[in-house]
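Down below is the structure, laid out as structure tokens.
The values are calculated or read from the model by the stated rules, or taken from the named source; none is laboratory data. Bear in mind the structure is a predicted one, so any value in this text is a computation, not a measurement. Here the Cβ positions follow ideal geometry from the backbone for every residue, glycine too, while neighbour counts run over all protein chains shown.
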Amino acid sequence: MANKKTSKPLTSNKITDRVQETKFPMPVADTSVNGGTTFSDRRNQQTDRRKPPFGRRSLGAEEELAATSIIPLLANASLEVILHELQLNQLALAIQNEELQNTYQSLKESRKRLLKQVEKVALELDQSKAESSEANTALKVILKMRETESLDAKNLLILELKQEVMPFLQRLNNSSRDPKHIRLLSTLEANLQRLISSYGYATSLSSAYKNLTPKEVLVASMVREGASTKAIAATLSLSPETISIHRKNIRKKLGLESKANNLRSYLVTIEK
């Protein structure tokens, strides 16, 4: 037959040891709202004491180690971003510097071209100035020669008139007894003298005569020599009324509207 295990009776000492080994939770007095007391488990209270405050969670050793290892990584990432931005700025500065260099070279080349153009224009101006100076010198020589020729021609004309014309006029004037002929010869001689003195030059009198008719020129010439209206009428075989009309027209064409202006004085003045 099989051996059966028989339980040994517990002694008092063993019972005491067994009770001590078994740990019963001790009741904890807790004051309720109504002033009564309740009992909760001390183990639960101890567990509650180990819990962190509401909204907070205690970090474990692994989490703290992970957190401390992330900080250098973040710092390295920030440094890399800053270095990248610096590199981009350096690249932008390099591009700007290159553009400035290109602009400077373009301006330098433009300045060289402008200087060449200025030198070319200055050279052309100097050449033009030299040519103009030569042309002015040539014109002065031509004008001087023309003046000399005009003076020589004038002197030659005066000499010829004095030798070939004036003596005959004087003889006619001295031999004539007719006042009409004498006035005509005197007027002719005076006109010749005026033409000789003003030869080669335009005078105010010749300009004034341009607006007059041939008959009015004859009347004005005789008025300038001091002939009266009646003497002019007798010399030109016209009536005094006709001569008066001619004088009136002459005054109007010469701008002598006022009667205070003497026609003969005006003609003598513009002759000079």
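Annotations for the structure displayed:
- Given (1) within 20 Å of Arg146 (Cβ to Cβ); (2) touching an Asp or Glu at 6+ places or on another chain (Cβ under 6 Å), index of the condition Ile158 fails: (2)
- Test: residue in segment 248-255 that is part of a helix (DSSP H, G or I), at pLDDT 90 or above and touching a Lys or Arg at 6+ places or on another chain (Cβ under 8 Å): no
- Which listed residue, of Ala227, Ala260, is closer than 16 Å to Arg183 by Cα and either part of a helix (DSSP H, G or I) or out of contact with any strand residue (DSSP E or B) (no Cβ under 9 Å at 6 or more places or on another chain) (or both): Ala227
- Options Thr242, Thr213, Thr229: the member that is modelled with pLDDT of 85 or more, of a type in the set (Val, Ile, Thr), in contact with a Pro (Cβ under 8 Å, 6 or more places away or on another chain) and in the same structural domain as Arg171 (by TED's automatic domain parsing): Thr229
- Residues that are in contact (Cβ under 8 Å) with a residue 24 or more places away in the chain, surrounded by 13 or more Cβ atoms within 10 Å (Cβ to Cβ) and in a helix (DSSP H, G or I), drawn from segment 154-190: Lys154, Leu157, Ile158, Leu161, Met166, Lys180, Arg183, Leu184, Ser186, Thr187, Ala190
- Per the conditions (1) modelled with pLDDT under 85; (2) hydroxyl-bearing (Ser, Thr, Tyr); (3) over 30 Å from Leu192 (Cα atoms), the sole criterion not satisfied by Ser106 is (1).
- Looking at Ser186, Ser132, just one residue is within 52 Å of the chain's Cα centre (by Cα) and at pLDDT 80 or above, and that residue is Ser132.
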